[in-house]
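What follows draws every value from the coordinates through simple rules; no lab data is involved. Owing to the predicted nature of the structure, the values given are computational and were not obtained by experimental measurement. Note that we place each Cβ from the backbone using ideal geometry, even for glycine, and neighbour counts take in every protein chain shown.
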Amino acid sequence: MKNMDRRQFIQAAINSGLVFSLSSLRPESIFAQQDPASEKLLLVLRFNGAWDPLMAMDARTKEYLNAASFSTSEFLAFDDRTSIKQYKGAQLGISMKPLFEYLDDICIVNGVMMNMKSSAHETNREYMSSGNITTGTTFFPFALAQAMQRPDYRIGYHMEYETLQSGNYNNIAPTKNLVSFSETIDDPYESVLDDETTAASMQKRVISQKRKDKDTITTLNKLIEITKTSLSSNNSQIQQASLALAGLGAGYLKMAQVDMTRDGDLDTHFGHQSTHNTKLTEGFDHVAKMIKFMKETPYRLDPSSQKTLFDMTTVVVTSEFARTAYPESDSGTAHNQYTNSCLLFGGNVNGGTLIGGSHIYKKSELNLPNSEMTNGLYHATPFNFHTQKPMTREEQSSTPVEAFGTCKANKCLDYIYPETIWRTVAQDFGVNSVSTFSTGPILKNMFK
Amino acid sequence: MRSKFGSLIIVMAIVLFQSHSYGLELTDESKLRKLSYQMRGLPPTPKEFADLVKAKDTESNLNAFFRSKVEEYYKSPWTASKLTERLFEDWRIENPGTPLTEAFLEQKDTEIGLGYPPTSQNDTALVKVIQSALTQGDSWDEILISNSFLKITEVTSTIQKIRQVYEYSSMSRIKAFKDAVMSAGKKMDSTEEIQAVLDAYIKEKPLDSTTQNPIFTSIGPTPFVRNSHLDMKLTILILQGALEQGSPKYNDLVAHLRQVKDLNYYSSQITSSVFIPPNQTATSIATASTKELPQMIFSLNDVTSRYKKTIYSKAAAFFRIYLCDDMQQVALPDGGSKSQEAFKFIHKSTPSAVTDAPPPPTQTIMNVKPQHVQPQCLGCHVKLDPMETIFNKKFDRLSFTATGPKQSVFNFSYDDYNGRTITIPVNNVDELPALISKQPQYIRCQSEKFWNWFIGTDVPLSPKQRDELEKVYVTNESKPLEIIKYLTSLKLFSSDSFLSEPKQFNNVRPIFQKCHGCHKSDPTIPSLLEIPFNLNRTSQAEKMADHLDILKSVVKLTNILGDQKGIKMPTKDAGWKISDAERSTLIKWIADGAKDENGTDTITTEQKNKILAPAKAGVMEVVNQPSQLVPTMRPTWQRVLTYSEIIKTLPLKIDTTSTYSSTCANELLGKKYVLGHPDLYTARPVSETLDNAYRESYRKCVVRLLKQSQTSFAVNVQMNPAGINLSSKIRLYSTGLYSLAIQITKETPLESVFSVISKMKWSDLDEQQKLKIIQQQIDFTVGPNLNHIEAEMDLAKNVMKAVDRIATDPSKNDLISASYFSLYYILNSNSFLVY
C-alpha cells in the first residue's frame, strides 16, 4: 500500500481517466454543427398503454358488430367502439375524429402483427417503435443515425418510465432540457480563458460552439415560445412532443422520440368506455394541432425557406399493440398483440393511404393452440407484398402454412411486422440496412 | 510540470498494476475529507483537521477520532438526506421532498458553518419521514419493513396538526402565560418547575368548558390548551418550546409521540376545542384500539406509484429491493417461423393439429397466471405472480376483516444466492414482512447495499468479508450507524484504488445470474452461480474438468472475444444482451485467472491463455493495459465527488442572504438528477452523460452572485459607516475578503469597510494578499487540507495568475469582481472534485 497525498491522487485519477476531466464533457456534441443541406427529420410519437384501434384507425361498423355475429363474450360493443366514418374501404372510429381533416396527409397502416410470445407492454412497445424484437433494444432513431453513419445527429427523447437503451449512441438530449438553453453568449469570464486548465479549454470550446450555434439556439427558444401558445397542453407528456417539435423545427434536433401518453391512460383493463376515448382523443387532438403547426411553420423559421416543418419531418405514431375485441371484467379490454396500427405523416409520406387490414375471428374460426384465447380474436390479416394488399380469404386458404412467411421473386406472403414499417422508413432515409432488424419486404405505398 | 508528473503517475500505475498491488491508501486527512463529504456533503472544518493532527499520536486515538466523527456526522440531517437519496435511487423513485432548499446558514462563534435544515412545519413528504426515522436511530429493517416507519409518518402529521393549532391560537397566549408566571416570580425552566406551575394553575382554575381563563386569554381557553391536561408531558414540551423552529426539544417531542398508540385518535382529542374531562380520556388515549400490523414500504403510495405499469412492476421491484433479484426477462423458445406460427391460428385449410397440446405440467403451481405457464417464464412468474396478486389487492389491509386477519394463503418463493428456489407458504400477508427480514438472502442483499455505497461496487466482497459484514448487520439489528462505522473502519474504505481490482467471481456473478434466469429450469445445463462450474459432480477433479469445459463453452457461446456476430447466448430474444462493460468484465475475470470468491485462481495460466487465444489483439490489449482500464466509477458514492455533492452545499454556503426562490440555489439543487445521480430516464450515472446544462446554470449562478455581492456592498456602504455587518460576514467569507475586512477595520476603524473594499483594486494587492484571499476561498469551499497545503497553494497560484490576467481589463480590476473570478476558477478545478 502506498500512501498517496491528495495532489497525487488527483493527478493519478485524472491520468487514469477516473476524473471526468472537464474536457471530456463533450460540448462539441452538444453544439455540433448541422449540415442544412441534408436535413431530413424524424419524430416518433408513442401512445403508451396500448391504444384501441377499434376506436380509431381500424374500427368496425354496427352491422359488423351485429349481435348475431358476435356474442357479448366475444366482443365488447358499445357506440364508442363503432365506426363513424368510412374511409378507403375501411372504417375510422370516434377517437380519430380530430385527425379527419388531415386524412389526406396521413398514411394509416393496419394489421401489424406484434410479438406473439409476449403480451408485455415493454416488449411490444419497444418492438413497435423500433422494429427490434429484443427487449432492451435501441430506439429506431439511434439505430437509424448509426446506420446513416451520422453520430453528429442530435436525438431528442422523452420516456415515460423505462430505461433508455441508447445503444452507445451518445448525442442525445432529453426534450425536457430543451428549455434550458440561453442564447446569451456573453461570458464575464471569457477573458480568463487563456488559462491552460482543462476548465478553461472546456469553457472556451463551449463559447465558440455556442457562437457558431447561436442562431439555432435563438430559433429554438423562439419556437419554444411559439409552441407555448399554438401547441400548448396541460399534459406534461404531451408538452414534450411540442418541445421535440420545436427542437426539430430549429434544426437543433435531427430526430426525436417522445412518449405522449402514460401506461395508465390507455391501459384500460377496467372501464374502457369511460377513459380510453378521452385519452386517445386528447393525444390525437394534439397530433392534429401538431400537423397544423408543422404546415404553417417554415423550417428554422426562415421565411425564405421553401420547406415547412411538415415537409421536412417524417412523423411515425405508434403504440404497443391493439386491445382485445372481447370484454374483460368491468367492461375493460386486454392486450392484443395479434394486430396493431400505425400512423405516419409529413416528409415524403404518401398521405391519404391506408395499408393492411385486420379481421375479428370468432373462436370457432380459429385453430387455437391453448386455452388462453377463449374469445374472439382481433387479428392482423396476412399481407401480399407482391400486390401490396391484404391477402384475400381465398389466397389465405390456398396458401400452405409452410409457404407463408417466405419471400420469393414473385411471391411474398407474410404479415406486416413493426420491422416492415421501420425498414420502409429507413429506406426513405436512404438506408438499406439497419443493424437492429433483418432485411426483408417493404411497404411500397407508404412513401411517395 | 503537470504533464511530467502525469507521466510519472502512469508509469507508477503500470508498475503497480504489474506488481499486483492495486490499493493506494488515502492519508488520514483525505480519509477525513472523504468521510465528511460522503456523510454530510461538506468539507471538514479547520478545527476538525486540527483535531485530527492531535489524534494522530496513537493508533487507538486515531481510530476513536474517526469513530466519533462517524457518530457526529451520522447525527446530521445531511447524512439522513444522503442515505434517503441512496434509497430513492434504489427504489427508483424521484425525491418527492425538497428539504435541502430549506437549509439555512447560521453563524457559530467565529467559524462560519452550515446550519442543518430546520424541522419543517409542513413537510410530510416521504423523504422527511425517512430522514426522521434515520435520525431517530431506526434500523434499516424498520425502514424497509416495519410499522415503526409508518409511525413516523403519523408522528410527523400529528406534529403538523398540533403545530397548526398551536400557531393559530395558542402561541401568543402561551407566551403571555409564561410572562405572567415569570413576572409573578416563578420559574419555568425545568420540567419540574413547569409541572409545579401547571399543577398550581389547573388546581386553582380547572379547564372545564365554562371557565374563563384569565391567564391564557380573556376570551376563553384555546382549543389546544383546553385539553392539555390529557397529556401533561406534551404540554410541558410545548411550554419548553418544542414547537419552535430549531428547538432542541423537538426530538423529545418526536420520541414522546412515538409512544402514543393511536395517533389519529390522540390528535383529535388533544386538539379538540371541546373540553374532555380527564377521567374519561386518560385511559382511552393509552388503550385506544390499534391496527398495528407489519408494514412494508410497498404499502406506501409514494413508493408504489412508481411501479404501476412498467418493467419495474411492483412485484418485480419487491424482489429487487428486498432480495436483490433483478427478475431478468427470459427467452422463449423459438418454435420455427413466427409468421407461420401466427398464420396457423387463422389458417383454414389445415386441420387444427395443435389444438390438443397438453397443458404444461407446471400449470398447477399456485397463484400462477395461465398465460405465464411457459416453462421458461415460470422461473420468474412463480415468484412474481403471488406477489402481484397481493399487491393488486392493495397489499395493506385487504386481508384484515372485522373479525381479524383473513386467511389468504400464498406461496412466497424466491431464489437464494446459489440459485435455489426457496418456497415458503404464507398464511397471511401480514406474516410476510417479518418472514422476509429473516431470509438470509434479504440480509445478504441489504448488507451488500451498504458495502456498495461505502466501499464500492468494484471492490470484491470476499466470502469471509461477507460473513463478517452480515454478522455486523444482524448483531447490530441493522442499525445503519453501526454498519457505517464498521465499513468506514475497514482498510478498504481508505484504500482508494482507482485502477480496476482483479476481477473475482462476485464481479461476474450478476452476469451469470441473468443466464441462470433462463437456464434454471433445465437440469442439463450447469448452474453458473456456483464455482467451479460443474454438472453435479462430487469429486474436485471432476468438478475442475467440468469447469474448464463449461468456461470454454461460455466464452464460445457468448462470443465475448469476437466481434458482435455469431453470438449464441444470450439468445436473440432473451431480453438482454451482454453489454460492453459486462463483456470486458468477463474477459478481465478470465484473464485474471477466473478467480473464485476467495480470490483463488480456478484456471492455470496455460488454460487461461488457451481460452483467451481466439481473442483479437485489440481485445487483449484493452484488458492488459492498465492505463486503459475502465475506471472504477461507483454508481452512487463515487470516489470522485459528483457535482451534485458539491452543489448541495455550495450555493447554500455562498448564497445566503436571499430567499431561495430567487437564487441559483434552487436551480442547481433542482438539477440533482441531471448531475451526479443516476438519471431516472437512462438509469445510468449521469457522470457518463453530463451535458452542458450544469455548466450553464453554474455560470449563471456565479454571475448572479457577483451582481448580488456588488449590490450588497453598495448597500452596506450606506448602512454601515464602520465595522462589519454580520449579514455580510458570509459574503465576505465566500469572496475571501473576510480577513482583509478585519484588517481594514483595525487600521481604519472609523471608515466603512465596504467603502474601502469597493474602492480597492486587485492590482493594488501584493502577491501574499492575493494568495490569502484565494486560500480563504479554497478553505471555505473545498475545505482546507492542511497536509497538502503545497498542492493547494499550487492551485491558488494558478488561480492568481488567471485573475491577474483578467484584472488587466480595468472594468474587472475591482476587488469584488476579481474575487468572484477566482472563486469561479476554484470551483472549476479538478482539485475540487476529489476527496
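In table form, for the structure just shown:
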item	result
Sequence of A:ASP428, B:ASP809 once ranked by neighbouring C-beta atoms within 10 Å, starting from the fewest	B:ASP809, A:ASP428
Built amide H within the under 5 Å cut-off of B:GLY599, gap 5+	B:PHE505
Dipole magnitude (debye, nearest 20) for the range A:270-323, charges at Cβ of Lys, Arg, Asp, Glu	40 debye
Amide H within-cut-off set for A:TYR361, under 5 Å, with H built and near neighbours excluded	A:LEU377, A:TYR378, A:HIS379
The range B:746-779 versus the range A:74-119: alpha-carbon centroid distance in Å	75 Å
Residues A:LEU223, B:LEU557, sorted so that the one with the fewest Cβ neighbours within 10 Å comes first	B:LEU557, A:LEU223
Placed amide H near A:GLN91: partners under 5 Å, 5+ positions off or other chain	A:ALA59
Cα-projected label distance for B:SER539 with B:GLU431, points at 7 Å along beta-carbon direction, nm	4.6 nm
Over 32 Å (Cα to Cα) - which of B:LYS175/B:LYS485; B:LYS69/B:LYS186; B:LYS34/B:LYS514; B:LYS383/B:LYS491; A:LYS292/B:LYS577; B:LYS31/B:LYS797 fall in this group	B:LYS175/B:LYS485; B:LYS69/B:LYS186; B:LYS34/B:LYS514; B:LYS383/B:LYS491; A:LYS292/B:LYS577
Whole-Hz ³J(HN,Hα) from phi, Karplus 6.51 cos²θ - 1.76 cosθ + 1.60, for the range B:703-716, glycine and proline x	4, 5, 4, 4, 5, 4, 5, 4, 4, 4, 5, 4, 5, 5
Residue-wise HN-Hα coupling along the range A:77-94, computed from phi with Karplus coefficients 6.51, -1.76, 1.60 (Hz; x: Gly, Pro)	10, 7, 4, 5, 9, 9, 5, 10, 8, 7, 8, 6, x, 10, 10, 10, x, 5
